[in-house]
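The values are calculated or read from the model by the stated rules, or taken from the named source; none is laboratory data. Worth saying up front: this structure is predicted, and the values here are computed from it rather than measured. Don't worry about glycine lacking a Cβ; one is built from the backbone with ideal geometry, like all the others, and counts go over all protein chains shown.
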Amino acid sequence: MSGSRWRDKPVVVRAPASSANLGPGYDALGLALSLYDVAVARVTSGGLDIEVSGEGSETTAAGEAHLVVRAMRATFDVIGGHPPGLGLRSLNAIPHGRGLGSSAAAIVTGILAARGLARDGAALLPDDALLALAASLEGHADNVAACLHGGLTISWTPECGTPGRGAPQPGTLHPGTLQPGPPQPASAADGSRPAAPPGPRVVRLPVLEEIRPVVFVAEESLATQTARGVLPAAVPHRDAAANAARAALLVAALTRVPDVLFDATQDFLHQPYRARVMPRTADLLGRLRAAGVAAVISGAGPSVLAFTVAGARGGPDLVDSIVAETGIAWHISPLAIDRQGATLQTAVPGERPRDSAR
């Protein structure tokens with residue numbers, strides 16, 4: 001394949017789990033967690049060969065409908081060409097349908113793998129367009145932003161017609177910087193540029209080292225569409241105002257003032273409404289918060305995320321005893337915060353995914 005458009009070596013993508021919302025930061029906040037899906041992708045002479053192990057191993061038979069493959073195809077569409085064939089080997093640790101960003105990790109994996117396999121991929125799909133493509137496939141930016149960049153992310157989409165102020169040049173995202181939306185469309189024959197909708201943007205912030213997330217993974221899965229379907233079309237103004245205050249406080253709690261984490265994780269917009277479709281989650285959440293633990297629904301649920309602080313009350317022993325009282329086999333996973341985001345590297349030919357660090 002020497003001299004072709006496609007690289008002759010496989011690439012390895014490692015994508016972290018993520019938790020969105022974090023309570024009051026609905027559709028805006030995301031946090032990357034140290035649980036990973038790892039995939040090796042390569043260009044072949046023809047066809048599609050998929051092997052999935054670990055979480056979601058049943059998706060091996062999905063073929064072109066597999067989410068990683070769909071994301072790769074969407075990326076190839078952007079860069080203007082598809083390879084003759086594809087091989088994909090995945091080892092997944094992120095549970096599916098549990099509110100831990102498994103679909104975001106799959107999408108980010110597919111985009112990075114496809115871009116990495118094309119010799120001109122980085123030029124045709126620059127860093128500033130990655131988030132826009134990932135968010136368009138996912139439907140929202142919170143999980144994919146955290147998966148791509150690591151740490152705590154705040155994502156939003158500028159309103160149409162709002163002029164940008166000092167948008168940075170494309171490149172590596174650093175803590176506290178902005179990532180612009182997709183590049184403008186190519187000029188028309190008369191030199192004019194057609195209007196393009198603004199793409200999502202993201203700020204990445206480092207989280208305090210003493211904050212230790214604990215995830216309680218539910219036995220059953222829940223579709224995001226189901227969790228979103230129970231939300232009302234409108235909420236009282238006082239709830240919206242209270243939630244805005246809590247979301248702002250949560251950013252401060254995670255980055256500077258951990259003492260206010262409990263108050264900062266109180267939500268008024270989505271968790272109360274979702275309780276009826278995930279009663280076990282609501283019960284565990286209520287028990288944890290009654291004990292003073294800063295706990296939230298992870299993403300759309302049904303898993304629960306708790307923030308513990310090293311050396312403070314509400315550590316692992318307390319949450320373990322609370323979970324035991326429910327009589328339900330929650331899988332308890334103390335995790336670290338992933339501070340790097342998804343990575344891409346060249347693989348040794350024939351290499352298979354290795355067990356990821358937890």
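Which of the residues belonging to the range 123-137 are under 21 Å from V69 (Cβ atoms) and of a type in the set (A, V, I, L, M)?
Within the range 123-137, the subset under 21 Å from V69 (Cβ atoms) is 124-125, 129-137.
Scanning the range 123-137 gives L124, L125, A129, L130, L131, A132, L133, A134, A135, L137.
Run down A93, A17, A65, A28 and say which single residue is of a type in the set (A, V, I, L, M, F, W, C) and closer than 17 Å to A135 by Cβ. Let's see the steps before the verdict.
Values: A93 fails: closer than 17 Å to A135 by Cβ; A17 fails: closer than 17 Å to A135 by Cβ; A65 fails: closer than 17 Å to A135 by Cβ.
None of the other options fit; the residue is A28.
Pick from the range 38-72 the residues that are hydrophobic (A, V, I, L, M, F, W, C) and farther than 17 Å from A113 by Cα: which of them is surrounded by the fewest Cβ atoms within 10 Å (Cβ to Cβ)? Please lay out each step first, then the result.
The first filter runs over the range 38-72 and keeps only residues hydrophobic (A, V, I, L, M, F, W, C), leaving 38-41, 43, 48, 50, 52, 61-62, 65, 67-69, 71-72.
The next check asks that each one be farther than 17 Å from A113 by Cα; those that pass are 61-62.
Numbers: A61: 10, A62: 15.
Per the criteria, the residue is A61.
For a quick check of your reading of the model, give me the residue pairs whose first member lies in the range 234-256 and is loosely packed, with under 15 Cβ neighbours inside 10 Å, whose second is outside any helix (DSSP H, G or I), with beta-carbon atoms closer than 7 Å and at least 6 apart or on different chains.
D239/F268; D239/L269
Yes/no matrix, rows are residues, columns are (1) closer than 23 Å to S221 by Cα; (2) among the basic types (K, R):
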residue: D8; (1), (2): no, no
residue: V12; (1), (2): no, no
residue: A17; (1), (2): yes, no
residue: L22; (1), (2): yes, no
residue: G25; (1), (2): yes, no
residue: G54; (1), (2): yes, no
residue: E64; (1), (2): no, no
residue: R73; (1), (2): no, yes
residue: H82; (1), (2): no, no
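Within the range 59-70, can one find any residue that is charged (D, E, K, R), in contact with a strand residue (DSSP E or B) (Cβ under 9 Å, 6 or more places away or on another chain) and outside any helix (DSSP H, G or I)? Before the answer, list the steps.
To start, the set of residues in the range 59-70 that are charged (D, E, K, R) comprises 64, 70.
Of the ones still in play, those that are also in contact with a strand residue (DSSP E or B) (Cβ under 9 Å, 6 or more places away or on another chain) are 64.
Narrowing the set further to residues that are outside any helix (DSSP H, G or I) leaves none.
Within the range 59-70, none of the residues are charged (D, E, K, R), in contact with a strand residue (DSSP E or B) (Cβ under 9 Å, 6 or more places away or on another chain) and outside any helix (DSSP H, G or I).
Do we have I94 as in contact with an Asp or Glu (Cβ under 8 Å, 6 or more places away or on another chain), of a type in the set (A, V, I, L, M) and not in a helix (DSSP H, G or I) here? Spell out the reasoning first.
Numbers: in contact with an Asp or Glu (Cβ under 8 Å, 6 or more places away or on another chain): yes; of a type in the set (A, V, I, L, M): yes; not in a helix (DSSP H, G or I): yes.
Judged against the criteria, I94 is a match.
State all residues of the range 13-37 that are part of a strand (DSSP E or B), crowded, with 23+ Cβ neighbours inside 10 Å and among the hydrophobic types (A, V, I, L, M, F, W, C); if no residue qualifies, say none.
Scanning the range 13-37 gives V13, A15, A17, A20, L29, L31, A32, L33, L35.
Of the residues that sit in the range 272-300 and are in contact (Cβ under 8 Å) with a residue 24 or more places away in the chain and small (G, A, S), which one is surrounded by the fewest Cβ atoms within 10 Å (Cβ to Cβ)? Break it down stepwise before answering.
In the first step, residues of the range 272-300 are kept if they are in contact (Cβ under 8 Å) with a residue 24 or more places away in the chain; the result is 273-274, 276-278, 280-281, 283-284, 287-289, 291-300.
Those still in the list that are small (G, A, S) too: 291-292, 294-295, 298-300.
Details: A291: 15, G292: 11, A294: 25, A295: 28, S298: 30, G299: 26, A300: 24.
Per the stated criteria, the residue is G292.
Any residue at all in the range 139-147 that is assigned by TED's automatic domain parsing to the domain that holds A32, modelled with pLDDT of 95 or more, of a type in the set (A, V, I, L, M) and touching a Pro at 6+ places or on another chain (Cβ under 6 Å)?
yes
Every residue in the range 315-331 that is part of a loop (DSSP other than H, G, I, E, B), exposed (fewer than 13 other Cβ atoms within 10 Å of the Cβ) and over 26 Å from the mean Cα position of the chain (by Cα), please. Quick ask: steps written out before the conclusion?
Applying the first criterion (part of a loop (DSSP other than H, G, I, E, B)) to the range 315-331 yields 315, 327-330.
Then drop every residue that is not exposed (fewer than 13 other Cβ atoms within 10 Å of the Cβ), which leaves 327, 329.
Selection gives G327 alone.
Please determine whether any residue of the range 345-354 is at pLDDT 95 or above and buried (at least 22 other Cβ atoms within 10 Å of the Cβ).
The answer is no; no qualifying residue exists.
Quick check on the range 187-208. Is at least one of its residues modelled with pLDDT of 95 or more and within 20 Å of G301 (Cα to Cα)?
no
Does S53 qualify as being over 21 Å from K9 (Cα atoms), assigned to a strand (DSSP E or B) and not basic (K, R)?
On the way: over 21 Å from K9 (Cα atoms): yes; assigned to a strand (DSSP E or B): yes; not basic (K, R): yes.
Answer is yes for this residue.
Which number in (1) of a type in the set (A, V, I, L, M); (2) out of contact with any Ser or Thr (no Cβ under 7 Å at 6 or more places or on another chain); (3) at pLDDT 95 or above marks the one condition that A324 misses?
(3) is the only condition that A324 fails.
Tell me, yes or no, whether the range 75-82 has at least one residue that is among the small types (G, A, S) and buried (at least 16 other Cβ atoms within 10 Å of the Cβ). Talk me through it step by step, then tell me what you get.
Filtering the range 75-82 for residues among the small types (G, A, S) gives 80-81.
From the residues that got through so far, the ones that are buried (at least 16 other Cβ atoms within 10 Å of the Cβ) too are none.
Checked the range 75-82: no residue is among the small types (G, A, S) and buried (at least 16 other Cβ atoms within 10 Å of the Cβ).
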